[in-house]
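J.: Mind having a look at this structure? Questions to follow.
The values are calculated or read from the model by the stated rules, or taken from the named source; none is laboratory data. This structure is a prediction, so every number in the text was calculated from the model and none was measured. Note that each Cβ is placed from the backbone with ideal geometry, even for glycine, and that neighbours are counted across all protein chains shown.
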Amino acid sequence: MRSNNIPLRKCVGCGARKPKSDLIRIVKKEENGKINIFVSSGHAEGRGAYICRSVDCLIKAKKARRLERAFSGRVDLSVYDDVEKLVNESEQ
Ligand SMILES: [Zn+2]
């Protein structure tokens, strides 16, 4: 049985709850009135959204504009591209 101490986060693609370490984190950070949305590899502060390292989840999230919904605003397509790169890397 999995320990309750592992923080679970919901994937914006499939909706499954998984340990944070299994997911890619996308962060929205507001700095000096400028909004930055980027893929976080470390512990960047800010509002986060999570997605599985899976092409299927990425496609679902992109089609349904789930990141836009998660961050209540526009999300540059390059953010999805960055996620795609990470997904491809981890599937190789
Ligand atoms: Zn997923």
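J.: Tell me, please, whether a residue that is at pLDDT 95 or above, within 16 Å of the ligand (Cβ to nearest atom) and either loosely packed, with under 11 Cβ neighbours inside 10 Å or not hydrophobic (A, V, I, L, M, F, W, C) (or both) can be found in the stretch 32-48.
T.: Checked the stretch 32-48: no residue is at pLDDT 95 or above, within 16 Å of the ligand (Cβ to nearest atom) and either loosely packed, with under 11 Cβ neighbours inside 10 Å or not hydrophobic (A, V, I, L, M, F, W, C) (or both).
J.: Then there's this: Name the strands (runs of 3 or more DSSP E) wholly inside the stretch 7-92 in which the number of residues that are of a type in the set (S, T, N, Q) is 2 or more.
T.: Here the list reads 34-40.
J.: Here are some residues: ILE59, ILE51, ILE6, ILE37. Which one is of a type in the set (A, V, I, L, M) and touching a Lys or Arg at 6+ places or on another chain (Cβ under 6 Å)?
T.: Answer to the check: ILE37.
J.: From the list SER72, SER78, SER40, pick out the single residue that is in contact (Cβ under 8 Å) with a residue 12 or more places away in the chain and among the small types (Gly, Ala, Ser).
T.: SER40
J.: Taking into account only those residues within the stretch 76-92 that are at pLDDT below 95 and touching a helix residue (DSSP H, G or I) at 6+ places or on another chain (Cβ under 9 Å), which is nearest to the ligand (Cβ to nearest atom)?
T.: The residue in question is VAL87.
J.: If I ask for residues that are surrounded by fewer than 15 Cβ atoms within 10 Å (Cβ to Cβ) and of a type in the set (D, E, K, R), which ones from the stretch 69-83 would you list?
T.: Within the stretch 69-83, ARG69, ARG74, ASP76, ASP81 meet the criteria.
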